[in-house]
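Take a look at the structure below.
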Amino acid sequence: MSGFRSHMEQALAEARSAGMRGEVPVGAVIVSPEGMIVATAGNRTREMCDPTAHAEILAIRAACAAAGSERLSGHDLYVTLEPCPMCAAAISAARIGRLYYGAADPKSGGVDHGARVFSHAQCHHVPEVYDGIRAGEAAEMLREFFAERRAQGSI
């Protein structure tokens, strides 16, 4: 990929903001085929009282609204944690071209763990997937968040 530029730093910033709001620190960024950031989001499930308000879903909604289309062909999605099955299905439905994610999620992932949504014959679109992008930073942010919650007795 000539001229490749990672946008994981912005996704990590969105994750930090989510954590500061008391949300699980996951952030997402969608980049247009021209290389422009068209949407950013962090988790907002608690704030919105919406179990579907994952960073990926919110970013996809915003990018689709900006594009005036339910499809985001050629767009890239950067997310700090391996998408869950719900988000992987949305990524496929939106026709995201490339998925870059940070930390693996052996417990709840839907791409390389668990449901492995993109490997099913019923999956209509499979993006290129690149894992482990700044995984250490993303995983550490999640470890610290949950350790703090456990120490407070809130989980």
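The values are calculated or read from the model by the stated rules, or taken from the named source; none is laboratory data. Since the model is a prediction, treat every value here as computed from it, not as a measurement. Cβ: placed from backbone, ideal geometry, glycine included. Neighbour counts: every protein chain shown. Ligands, DNA and RNA are stripped out before the accessible areas are found, and what is left, the full protein with its side chains, is counted by its heavy atoms. Shrake-Rupley method; radii C 1.70, N 1.55, O 1.52, S 1.80 Å.
Structure data summary
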read-out	value
³J(HN,Hα), Karplus 6.51/-1.76/1.60, whole Hz, each residue of the stretch 25-41, x for Gly, Pro	x, 10, x, 9, 9, 10, 10, 6, x, 7, x, 9, 5, 10, 7, 9, 6
Per residue accessible area of the stretch 87-155, 1.4 Å probe, in Å²	54
Label-to-label distance, nm, for residues given as residue 139 and residue 113 (7 Å Cα→Cβ offset)	1.0
For peptides 17-23, 48-54, sequence by mean Cβ density within 10 Å, most packed first	17-23, 48-54
Contour minus Cα-Cα distance for residue 61 and residue 20 (0.36 nm per residue)	12.5 nm
Among 51, 24, 151 - extreme Cα towards positive end, dipole of the stretch 24-155, charges at beta-carbon	51
Convex hull volume per residue in cubic angstrom - Cα atoms of the stretch 35-112	89
Residues whose placed amide H lies under 5 Å from that of residue 39, excluding near-sequence neighbours	30
3J(HN,Hα) from dihedral phi, the stretch 120-128, Karplus parametrisation 6.51/-1.76/1.60, rounded to Hz, x for glycine, proline	7, 4, 6, 6, 7, 9, 10, x, 5
Fraction of accessible area attributable to carbon and sulfur, the chain (%, probe 1.4 Å)	54
Packing-based order for 35-43, 88-96, using average beta carbon neighbours within 10 Å, highest first	88-96, 35-43
Charge dipole of the chain about the Cα centre (unit charges at C-beta), most positive-ward option of 78, 7, 68	68
Sorted largest first, extent of the chain alpha carbons per principal axis (Å)	43, 32, 32
